[in-house]
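**Q** First the structure, then my questions, so here it is.
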Amino acid sequence: MEVWVSILLSICAASTPLLLAATGELVVERSGVLNLGVEGMMIIGAVTAFSVAQASGSVYGGAGAAIFAGAAFSLLFAFLTLTLVANQVATGLALTILGLGLSGMIGESFVGLPGLKLDAVAIPGLSGLPVVGPFFNQDPLFYTSIVLVVAVAWFLFQTKAGLTLRAVGDSHDSAHALGINVIAVRYFAIMFGGACAGLAGAYLSLVVVPQWTEGMTAGRGWIALALVVFASWRPWRVLLGAYLFGAITIAQFHAQATDASEFSHLPQWLFAIIAWATSLPAQFLTSLPYLATIVVLVLIAGNRRLTMINTPASLGKSFVPDR
Amino acid sequence: MKRLLASLLTASALALTATAAVAEEQDKTKACFIYIGPTGDFGWTYQHDQGRKSVEEAFGDKVETAYLENVPESAEAQRPIEGFARAGCDIIFTTSFNYMDPTNKAAKKFPDVKFEHATGYKRESPNVSTYSSKFYQGRYVQGQIAARMSQTGVAGYIASFPIPEVIRGINSFILGAQSINPDFKLKVVWVSTWFDPPKEADAAKALIDQGVDILTQHTDSTAPMQVAAERDIKAFGQASDMIKFGPETQLTSIIDEWGPYYVERVGAVMNGTWEQHDVWHGMAEGNVVMAPYTNMPDDVAKMAEETAAKIKSGEFEPFTGPIKKQDGTDWLKEGEVADLGTLLGMNFYVAGVDDKLPQ
C-alpha cells in the first residue's frame, strides 16, 4: 500500500468517530435541545460494543448493542429534561459524568483483554479501482458515517418531518401552536443522537483500538459538540469539520516524525515549507487541531449573520406545554 | 421548629458518624493513592493499583486503602490530595510527576501525614519522600534489541511529555541501540497526553507510515501494541506485560513492580519507623522487571539477558561515558558514570537522538 493511501486511511479512522457523534448531536440541537452528554453516551457505546462482542463473539452484535445502549442512555437525559423539565446543561454534564463512571464499572472485567476487530468490507466493483480502491475497502462503520451525513442532510432539508424537527428547534411555542407534539419530536431527536454517539463509541472499541480501557473516549465527545457549532448546524460542514480535525491530528504527527532533509530534492520553496513545519515545537503541533477548532469557532461567532441564520432559536430552552 | 429539630438531629447524627469513623481509623492505618489515569489503563496506573492491592494483601485488616483516579496534573490536584489528608489518610502516594508542587504544598499544611511522591525531586518538608524506578535501565536493553531486530534501522518512540523521566528513557534507548548499530535512528512523536488510546494509535500509525519497523512508547495504553500487531511490525510493551495484545508482536516490556516498595513504606508508617528519603530503585531491587524476551531469535534474547544481568548486578550502567550531548558538547568522559542529580533533572538529549527536544 502506498504511504499516502495509508495516511489518508488513518485520517478516515481518526475522523469517523467524531463525524458519527457530531451528526447525531446536530439533529438533537436542530430540535432545540443541547445535550452535553455526548462523551458519556459515547463511552457507554464503547463499553457496550466491546462487552457484547466479547460475550457473543459477534462484532456486529456489539455495534448493534452500542446503538441501542447509546439511545437507551440518552433516554435518561430526555426524561429528565423533557418530562421533568430539568436544566439541559446541568443534566447533560451529569450524563457525561455518569457515563464515564458507569462504563468503568461495567467494563471492569474486560480490562486487559484484546478484543475482536470489526473487519474491513470491500465494496464489490469499487474496491478494485486504481487509486481510490482502498477507500472502498474499509470497515462498515466508515461507510455508515458517510451515508449518515447524506441521510441527515436529506432528512432535515428535503422532508416534511425534517422541517417539523427544525420548526420545533426554532420556535417550540409556534410549533406547539400548530399542533406539533414538541416533546415527542425531541424524544426522538435525543434518542437518535444517543444512538449515533453509541455507534461512535463502538467505532473506538471495535475498530480504532479493539480493547476496553476506562476513559478511552478521552474527550472526543466534547470535540464532537464543538464540531456542531463549528459546522453552524449544517450536516455537510460537520463532515468537513470532522475531516479537517482528523487531518490536522494525523498531519501533525507526520510533521513531528519527518526528517526534513529527506525532502531536499524537492523544489526550494516546498522544501522550505516542509523544513519550517517540521521545526515547529511539538507542543504547538499537538495542540493544532484544537487551536484550529477554536479559531473557526471565533470566526463563526464573529459573523453575526451566519450564526443568526443557522442557530436553532430555541436551543437549550426548556419547553413546558401551557395546557 | 420542626425544621430546626430536624437539622439538629442531622447534625448530631453526622457528628456521631464522624467520631465513629475516627475511632475506627485509629486502629487502622490508612494508605491513600492519587492516580493520573484510570486503574483499568493496563499500564502505569494499573501497575500502581496492583501495588495498592499488595498492601491490602500484606496487612489485611490492619490497613485500609483508598484511591482517586483521573486526577489532573495541575493545581487542581491540590484539592483531592488535601481532601485525603483531611479524611484521615496516614500516608498518601501521589503517583505522577506533576503532582510534585501540590504534594509539597499539602505536606506543609499537614505535617502529621506522610507523603510519597513518585518520579519527582522536591522534598520541601520532612514528611515528603520521593521514589522512582530506573525504567531507563530497561530502555537500554530495548534499544539493543531494537537495533538487532530492525530491518530499516529506524525505531519509533511515542512520547508523552518532555519531563526528565521520559527524556531519560529516550536517551537510554538510543544509547543502547547505537551500542549495536552506530547509525541507528529514532523518530520521536510527542502526543502531549499520558493516556488517550485512539490518539496513541494515530501516532503509532503515523510512525509506521514514516518507515519505522520497531515501536516503543512512553504512554500508558496498549493501543500502540495493537496497531503494531495489525501492521505486522514489532513493539515493546510499557509498564505492564502487554503480550496478550501482541502475541506475535511484543519483544519484551518494562514492568513496573511497585508492590514491595508500597508494602515497605506502609509498614514503616505502622511501626513508626517512617523517615523521609529519596529512593531510586531499579532492576537490582526488583522494581524494574523485564517481561519474557519473545518474538526474537535466541541470540538476540541471549544478548538482552546478558545486558540486563549486567545492569542488575551493577556491573554496567547505561549512562556511562563517553557520551556527548546532542549539541555536540561533552557530557561524560570515558568511563564516567552519570550522577543521580543530572539524571533526575535530565533536560537534554544525548548525541544520536534525531529529534528537537520540546522545551
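The values are calculated or read from the model by the stated rules, or taken from the named source; none is laboratory data. Computed from a prediction, not measured in an experiment: that's the story for all the values here. Backbone-built Cβ (ideal geometry, glycine too); neighbour counts: all protein chains shown. Just so you know, the surface numbers come from the protein's heavy atoms only, side chains and all, with ligands and any DNA or RNA stripped out. Shrake-Rupley method; radii C 1.70, N 1.55, O 1.52, S 1.80 Å.
**Q** Residue B:179 to residue A:262: FRET efficiency via 1/(1 + (r/R0)^6), r the Cβ-Cβ distance, R0 22 Å, to the nearest 0.05? Mind showing how you got there, number by number?
**A** Working: r = 26 Å, r/R0 = 1.16.
That gives a FRET efficiency of 0.30.
**Q** Here's a follow-up. How big is the convex hull of the Cα atoms of the stretch B:216-270, per residue, in Å³? Working shown, then result.
**A** Values: hull volume 4.1 nm³, N = 55.
Spelled out: Cα convex hull of the stretch B:216-270, divided by residues, is 75 Å³.
**Q** Let me know the shape class of the stretch B:233-359, please: from the alpha-carbon gyration tensor, a ≥ b ≥ c as square roots of the eigenvalues, rounded when a/c is under 1.5, otherwise prolate if a/b is greater than b/c, or oblate. Don't jump to the answer; show the numbers that get you there.
**A** On the way: a/c = 1.79, a/b = 1.08, b/c = 1.65.
Judged from the Cα gyration tensor, the stretch B:233-359 comes out oblate (a/c at least 1.5, b/c at or above a/b).
**Q** Given 0.36 nm per residue, what is the gain on full extension from residue B:316 to residue B:337 after removing their alpha carbon distance, in nm?
**A** 6.6 nm
**Q** If the cut-off is a Cα-Cα distance under 16 Å, which aspartates and glutamates reach residue B:312, setting aside same-chain residues fewer than 8 apart in sequence?
**A** Within the straight-line limit of under 16 Å, residue B:312 reaches these aspartates and glutamates: B:256, B:257, B:285.
**Q** Give me P(r) over the stretch A:205-244, computed from all C-alpha to C-alpha distances, binned every 10 Å, as integer percentages.
**A** 28, 38, 29, 4
**Q** Of A:117/A:160; B:134/B:234; B:53/B:234; A:117/B:310, which ones are farther than 30 Å apart at the Cα? Numbers along the way, then the final one.
**A** Details: A:117/A:160 39 Å; B:134/B:234 24 Å; B:53/B:234 32 Å; A:117/B:310 41 Å.
Over 30 Å Cα-Cα: A:117/A:160; B:53/B:234; A:117/B:310.
**Q** If you don't mind, there's one more thing I want to ask. Output the residues of the stretch B:26-74 meeting this criterion: accessible area (heavy atoms, 1.4 Å probe) in the chain alone minus accessible area with all protein chains in place is 50 Å² or greater.
**A** Output list: B:40.
**Q** Based on Cα coordinates alone, diagonalise the gyration tensor for the stretch A:187-323, multiply each eigenvalue by 5, take square roots, and list the semi-axes in whole Å, largest first.
**A** Working: eigenvalues 270, 95, 25 Å².
The equivalent ellipsoid of the stretch A:187-323 has semi-axes of 37, 22, 11 Å.
**Q** Further question: Can you tell me the convex hull volume per residue for the stretch B:108-231, based on C-alpha atoms, in Å³ to the nearest whole number? Don't skip to the end; give the middle numbers.
**A** Numbers: hull volume 13.9 nm³, N = 124.
About 112 Å³ per residue, rounded to a whole number.
**Q** Still on this structure: If you count only protein heavy atoms and use a 1.4 Å probe, how large is the accessible surface of residue B:48, to the nearest 10 Å²?
**A** Here the accessible area works out near 0 Å².
**Q** Shifting gears a bit: What accessible area per residue comes out for the protein assembly as shown, rounded to a whole number of Å², with a 1.4 Å probe? Before the final figure, lay out the partial values.
**A** Working: 28000 Å² over 682 residues.
On a per-residue basis, the protein assembly as shown sits at 41 Å².
**Q** Let me ask another. Indicate the residues belonging to the stretch A:174-215 that lose 40 Å² or more of solvent-accessible heavy-atom surface (probe 1.4 Å) upon moving from the chain alone to the assembly of all protein chains, ignoring ligands and nucleic acids.
**A** A:208, A:209, A:211, A:213, A:214
**Q** Determine the calculated [θ] at 222 nm for chain B from helices alone, applying -39500 (n - 2.57) to every DSSP H run no shorter than 4 residues and normalising by the residue count; nearest 500 deg cm²/dmol. Display every interim value, and only then the final one.
**A** Working: 11 runs with 147 residues, N = 359.
Per the formula, -13000 deg cm²/dmol.
**Q** Tell me which DSSP H helices of chain B clear both cut-offs, 30 Å or more of axial length from alpha-carbon atoms and a mean Kyte-Doolittle hydropathy of at least -0.5.
**A** Numbers: long enough: B:2-27 (39 Å, 0.59).
Correct list, ordered by number: B:2-27.
**Q** Please compute the Cα-Cα pair-distance distribution of chain A with 20 Å bins starting at 0, giving whole percents from short to long.
**A** Computed distribution, short to long bins: 31, 55, 14, 1.
**Q** Right, next: So if R0 is 60 Å, what FRET efficiency would residue B:264 and residue A:6 give, r being the distance between their Cβ atoms, rounded to the nearest 0.05?
**A** On the way: r = 49 Å, r/R0 = 0.81.
Efficiency, rounded to the nearest 0.05: 0.80.
**Q** Now for a different question. Give a residue-ordered list of calculated ³J(HN,Hα) values for the stretch B:318-323 (Karplus: 6.51 cos²θ - 1.76 cosθ + 1.60, θ = phi - 60°; whole Hz; x for Gly, Pro).
**A** Per-residue couplings from phi come out as x, 8, 10, x, x, 10 Hz.
**Q** Excluding residues on the same chain fewer than 8 positions from residue B:324, give the aspartates and glutamates whose Cα lies under 20 Å from its Cα.
**A** Residue B:324 reaches B:165, B:183, B:334, B:336, B:339, B:354, B:355.
**Q** In whole angstrom, note down how far apart the Cα centers of the stretch A:27-45 and the stretch A:67-108 are.
**A** Taking the Cα centre of each part, the stretch A:27-45 and the stretch A:67-108 sit 9 Å apart.
**Q** Further question: If the only charges are +1 at each Lys and Arg Cβ and -1 at each Asp and Glu Cβ, what is the size of the charge dipole of the stretch A:2-310 around the Cα centre, to the nearest 20 debye? Before the final figure, lay out each step's value.
**A** Numbers: 10 positive and 12 negative charges, 167 e Å.
Dipole about the Cα centre, nearest 20: 800 debye.
**Q** Taking all protein chains together and a probe of 1.4 Å, list A:160, B:114, B:53 from the most accessible to the least accessible.
**A** Values: A:160 165, B:114 55, B:53 85 Å².
The ordering from most to least exposed comes out as A:160, B:53, B:114.
**Q** Take the cross-link list B:28/B:244; B:30/B:122; B:187/B:333 and give me the ones stretching past 29 Å between alpha-carbons.
**A** On the way: B:28/B:244 38 Å; B:30/B:122 24 Å; B:187/B:333 27 Å.
Distance filter (> 29 Å) returns B:28/B:244.
**Q** Please find, in a Gaussian network model of chain A (springs between Cα atoms separated by less than 10 Å), the residue of A:161, A:46, A:71 whose mean-square fluctuation is greatest.
**A** Of A:161, A:46, A:71, the most mobile in the Gaussian network model is A:161.
**Q** In the Gaussian network model of chain B, springs joining C-alpha atoms below 10 Å, which of B:215, B:251, B:340 carries the largest mean-square fluctuation?
**A** Taking springs between Cα atoms under 10 Å, the residue moving most is B:340.
**Q** Nearest 5 percent is fine: what portion of the DSSP beta bridges confined to chain B is antiparallel? Present the calculation step by step, with values, prior to reporting the outcome.
**A** Numbers: 7 of 45 bridges.
Of the beta bridges lying entirely in chain B, close to 15 percent run antiparallel.
**Q** Still on this model: Quick one: how many Å² of residue A:234 are accessible to a 1.4 Å probe, rounded to 10?
**A** 90 Å²
**Q** How about the stretch A:1-45: which of its residues lose at least 10 Å² of accessible area in the presence of all protein chains relative to their chain isolated, using a 1.4 Å probe?
**A** Correct list: A:3, A:6, A:10, A:13, A:14.
**Q** I would also like to ask the following. Between the stretch B:245-313 and the stretch B:58-108, what is the separation of their alpha carbon centroids in Å?
**A** That distance is 24 Å.
**Q** Roughly how many nanometres apart are two label points built 7 Å out from the Cα toward the Cβ at residue A:297 and residue B:66?
**A** Calculated label separation equals 3.5 nm.
**Q** Right, another one. With viscosity set to 0.890 mPa s and temperature to 25 °C, compute the Stokes-Einstein D of the protein assembly as shown, Rh being the Kirkwood radius across alpha carbon pairs; µm²/s, no decimals. Don't jump to the answer; show the numbers that get you there.
**A** Numbers: Rh = 27.1 Å.
Estimated diffusion coefficient is 90 µm²/s.
**Q** With a 1.4 Å probe on protein heavy atoms only, work out how much accessible surface B and A bury together, total over both chains, in Å² to the nearest 100.
**A** Values: alone 15920 and 15120 Å², together 28000 Å².
Summed over both sides, the interface buries about 3000 Å².
**Q** For residue B:108 and residue A:147, FRET efficiency with R0 = 56 Å and r from the beta-carbon atoms, rounded to 0.05?
**A** Details: r = 60 Å, r/R0 = 1.06.
The pair residue A:147/residue B:108 has a calculated efficiency of 0.40.
**Q** Note down, for the stretch B:164-224, the three equivalent ellipsoid semi-axes (square root of 5 times each alpha carbon gyration tensor eigenvalue), biggest first, whole angstrom. Intermediate values should be presented prior to the final figure.
**A** Numbers: eigenvalues 91, 43, 13 Å².
After diagonalising the Cα gyration tensor, the semi-axes are 21, 15, 8 Å.
**Q** With the crude spin-label approximation of a point 7 Å out along Cα→Cβ, what separation in nm comes out for residue A:79 versus residue A:178?
**A** 3.1 nm
**Q** Output needed: Cys residues of the protein assembly as shown lacking any neighbouring Cys C-beta below 4.7 Å, sorted by number.
**A** A:12, A:196
**Q** So, one more: Averaged over every viewing direction, what's the projected area of the C-alpha convex hull for chain B? Give it in nm², one decimal, please. Don't jump to the answer; show the numbers that get you there.
**A** Values: hull surface 82.3 nm².
In nm², the orientation-averaged hull projection of chain B is 20.6.
**Q** Could you tell me what percent of the DSSP beta bridges with both partners in the protein assembly as shown are antiparallel, to the nearest 5? It would help to have the intermediate numbers written out before the result.
**A** Details: 9 of 47 bridges.
Rounded to the nearest five, the antiparallel share is 20 percent.
**Q** Quick one: grab Rg to one decimal and Dmax as a whole number for the stretch B:58-135, Cα atoms only, in Å.
**A** Final numbers for Rg and Dmax: 12.1, 34 Å.
**Q** Just to be sure I understand: with springs between alpha-carbon atoms less than 10 Å apart, which residue in B:54, B:240, B:132 has the highest mean-square fluctuation in the Gaussian network model of chain B?
**A** Looking only at B:54, B:240, B:132, the biggest GNM fluctuation is shown by B:54.
**Q** Tell me, what is the 1.4 Å probe accessible area of residue B:277, in Å² to the nearest 10?
**A** That residue has around 40 Å² of solvent-accessible surface.
**Q** Taking the Cα centroid of the stretch A:266-317 and of the stretch A:215-261, what is the distance between the two, rounded to the nearest whole Å?
**A** That distance is 10 Å.
**Q** Let me ask something else. Note down the nm distance, to one decimal, between modelled labels 7 Å out along Cα→Cβ at residue A:89 and at residue B:273.
**A** 5.7 nm
**Q** Probe radius 1.4 Å, ligands and nucleic acids ignored: give me the carbon and sulfur share of the accessible area of the protein assembly as shown as a rounded percent.
**A** Details: 17300 of 28000 Å².
About 62 percent, which is the carbon plus sulfur part of the accessible surface.
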